Structure formats: C-alpha cells, structure tokens
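Have a look at the structure below, then the notes.
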Amino acid sequence: MKWTPFYWEQDRYGMLVPLLALPFHAPFANLLVQTFLTAFAGLAAFVLMARFVFGPGFGPAGDAGAAGLLAGAAFVFAAPVPVLNDYLGTAQPYGVSLALGWSACILLGERGGIARVLAGWACILLATWVSTPTAFLIIPVVILKQVMDGGPGGDRWRALGGVALIGSGFLAVYALSRVSPYGREYSVLPAGEWPGAWAALAANSAGAVGWRGLVLPGGLLVAVLAAIAGRISWRDAGKALPPVAGVAVYFLIIGTLFWVKGGGSPARYAIPAMAALAGAAGFGLAPVVRAVAGRRAAASGSVLLILAIGASAGVPSLSGVRAALGRTVGTLTPEIERERCGFVIGEYGRVWPAVFHARLELGRPVWGVTHRAVPTRDEWKAALGPGSRLLGVGDSAEVERWRVLYRLPRLAIVRKVPGAAVLRPRGGI
C-alpha cells in the first residue's frame, strides 16, 4: 500500500483514515476498518455538534443527546444512498473532518488547562488536514453561538481564542497544501461566475436528495410553529440557528472554488452543508420531542436513528458486503484472472474499482494505469515486461491517452472482451 499525506495527486483531503488502517494489509480487512472509522465518525459528528451547541450540561432532559441523534436520523433519512455512501463511506472525508472539528470546538470553547488546549488544537489540525473547507462551516457556527449565548467576558474571550486557534489550524494546513506538486486546487472563480456556480451547486444538491430532503427544512418549520404556539421557548428553537449560519457560509464559499465548478458542481461538495442542515433540523426538533416525550427524548432519537439506518443499509452482513463488491466493482475480475492481467489501463472511474476488487479476490498485485497512478509509477513500471498483459477499459482513445502520457510502448490487442480489451506490449519495453 502506498500512503501519501494527501489524496493521490491532490493538495486536499488528508489521508488520516488510510494512515490508521495501514496495519491491516488484507484489502477486505483494510476496507472494513476504514469504513468503520468513517461511518462511526460521520454519525458521531452529529452528537458532537449538538454537544458543542447545547453546552456542557447537555441541556434539560438530555436535549443535546436527543438533538444529535435526531440530526443523525434526519440526515440518514433524507440522504439518498449515493450521498449516504459518500458521507459514511470512504469516498469523501467529511464525516471524519466534522467529528474532529466539533471535538476541537468542545475542547477549546470551555475551561481547561494547557493539555485541553493542545488536544483541541491537534483536533483542528487533523480536521483541516482531512478536509480544509471544514473551517468554512465551523467558524460561523462558533461565532453565532457565542453571540447568542452572550456569556461573561471571560467566556467570550475564550470563545474568540478558540476561533483564532481554529483559524490558525486552517491556515497551517492550507500552507502545507501549497507545497503539494499537484496544482493549486483552492483557486477562487472570478466574481462574475459566482451566481451561476451557486445556482448549479444548489440545483445539483436539491436534485440529489429529492423529496426526502424536505425533512431538513421541515424540522426547522416544526420548531418555529412550536415556538409560536408556546410549546417550546424561542431560546430553545434558536439552537438551530448556528448550524444554519454554518450552512450558508460554507455553501457560499465552497461554491466559488475552481475545483468545485471544474468538477461540474456535484452534490457531494455540499454534503457538509447537508449534514449541518440536518443538525439544525435535529436541534429544532429536540425541544419539541422533549415537550412530548419528556426524558425519553434521547431514547426516541436513538430509535429513529436505528430505524433510519436499517431502512437505508439493511442488516449488517460480511457476505453481503463481498457480494455487493462483486456486483458493483468486480465485473472485470474474471477477465483479469483468466488472462493473467497485471495491469488495468484506461478510464479512471473503471480502472481503480477493477484494481481493488482484483487484488481483493486474486491476492496478487494488479496495477492501475490512469489518473492518479503517479505515486505508484515506479513500482508498476518496474513490473511491466514484454510478456505482461493489460486490460484496457473505456474507449481506445482513453487507453491511448494514458499510454502516451506514461510513455509506454505501443499496445497490441490480444482479444476483445465485453466492455474491455486484453492488451500486450508490442515489441520491447
């Protein structure tokens, strides 16, 4: 396994979870460990955000616990499977980054010694390393929470100091990303392109969640109506406002970045905003549920979260995971095994899934030759010989593109298979 500080050929997305999973060399065990860490952190982020917003007392009758669990249930219910897989799976870094970021806010926002401050700053460094734009969401939440709390001067200065440490952590990791040899991905679009970029990101995000996304603003509406009816206080309903501020600021900033528009403004870049909006919904619903269920509010949130997870993911099953991998990313493995292919070259979105599954099932090296293959180039070029077999996926122009970019010898077709072609080097290496 080849570990790098940032995602291969990028200057963003710190590889903390892969680093923690390095001791697990078997591909399936490594996948399970990484997925457990990201899923646990993604769900914990909702409870940690609630703990920060509601404060150390966890609110009357466990409001923070109920709020976090309700927020998690709202997100799992509202998010379609692709979005849920991105957030709880290994494809995107947001859950881990948010869990670390909210942990930093808790540690830095309350009284404690130097050890607590150092631990908080370590958390924010890790959070911004894993996903630097997390700061765009967390900082406005911290500021608005402090404004709404209106605590004594000491607490106010402590909160401002926490914001300063969060900002310094962001700047430190941002400076580290500048030494990456793989481009400058935090460039900002010209101001004239911002409205169109925001509109595209909003449309793609709304299209991704569909009608079930209405539960997120719906939770806020229920809180407002309950406050108007006098069932809950406006102060309780106002706990939903800091996450809303985070949603707005994060969305406005992330939508102006070059790499977001360059990728087509897909919904995955708005996932942190979706998670914070789910937090706002849960925070608004928590006092309403407490007014109805009393001290059983947290238990009610737990039940709803478990039901939402069960409805989305089903019953846990290792054999089910292997079967799903075979159906989704393992369709080329039989050809790789039959032809003794040691390389897969061509379309980026097909190469890496095929490489992973082949390594998982065949237990031998299979190399990817496509975008993001530079970190392993020395290893796979050393393994390439006159008798090597490559599986070309995608159209022939895409295969030829990567052959030329990596300065490989011309390739001859051995035979064609459904959706791919078995290739060999033509002449010497």
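Things to note:
- Subset of the stretch 187-225 [more than 28 Å from Pro82 (Cα to Cα) and surrounded by 20 or more Cβ atoms within 10 Å (Cβ to Cβ)]: Ala223
- Set Gln34, Gln92, Gln10: member being surrounded by fewer than 24 Cβ atoms within 10 Å (Cβ to Cβ), polar (S, T, N, Q) and outside the structural domain of Ala275 (by TED's automatic domain parsing): Gln10
- Tally of residues being in contact (Cβ under 8 Å) with a residue 40 or more places away in the chain and either crowded, with 21+ Cβ neighbours inside 10 Å or part of a helix (DSSP H, G or I) (or both) across the stretch 319-346: 10
- Residue within the stretch 295-302 that is under 19 Å from Ala91 (Cα atoms) and surrounded by 15 or more Cβ atoms within 10 Å (Cβ to Cβ) present: no
- Among the residues making up the stretch 226-238, those that are aliphatic (A, V, I, L, M) and exposed (fewer than 14 other Cβ atoms within 10 Å of the Cβ) are Ile228, Ala229.
- In the stretch 370-385, the condition of being exposed (fewer than 14 other Cβ atoms within 10 Å of the Cβ), under 32 Å from the mean Cα position of the chain (by Cα) and acidic (Asp, Glu) is met by at least one residue.
- From the options Gly183, Gly153, Gly161, residue that is small (Gly, Ala, Ser), loosely packed, with under 14 Cβ neighbours inside 10 Å, on the phi > 0 side of the Ramachandran plot and modelled with pLDDT under 90: Gly183
- Subset of the stretch 363-375 that is modelled with pLDDT of 95 or more and outside any loop (DSSP other than H, G, I, E, B) - its residue that is farthest from Ala29 (Cα to Cα): Val369
- Among (1) outside any helix (DSSP H, G or I); (2) at pLDDT 95 or above; (3) not small (Gly, Ala, Ser), the one test that Val355 misses: (1)
- Criterion (under 22 Å from Ala175 (Cβ atoms), surrounded by fewer than 23 Cβ atoms within 10 Å (Cβ to Cβ), out of contact with any strand residue (DSSP E or B) (no Cβ under 7 Å at 6 or more places or on another chain) and in the same structural domain as Gly282 (by TED's automatic domain parsing)) met by exactly one of Ala122, Ala115, Ala104, Ala127: Ala122
- Meets criteria (surrounded by fewer than 23 Cβ atoms within 10 Å (Cβ to Cβ) and without any contact (Cβ under 8 Å) to a residue 60 or more places away in the chain) for Pro56: yes
The values are calculated or read from the model by the stated rules, or taken from the named source; none is laboratory data. Keep in mind it's a predicted model, so treat the numbers as computed, not measured. A quick note on method: Cβ atoms are made from the backbone with ideal geometry, for glycine too, and the neighbour counts reach across all protein chains shown.
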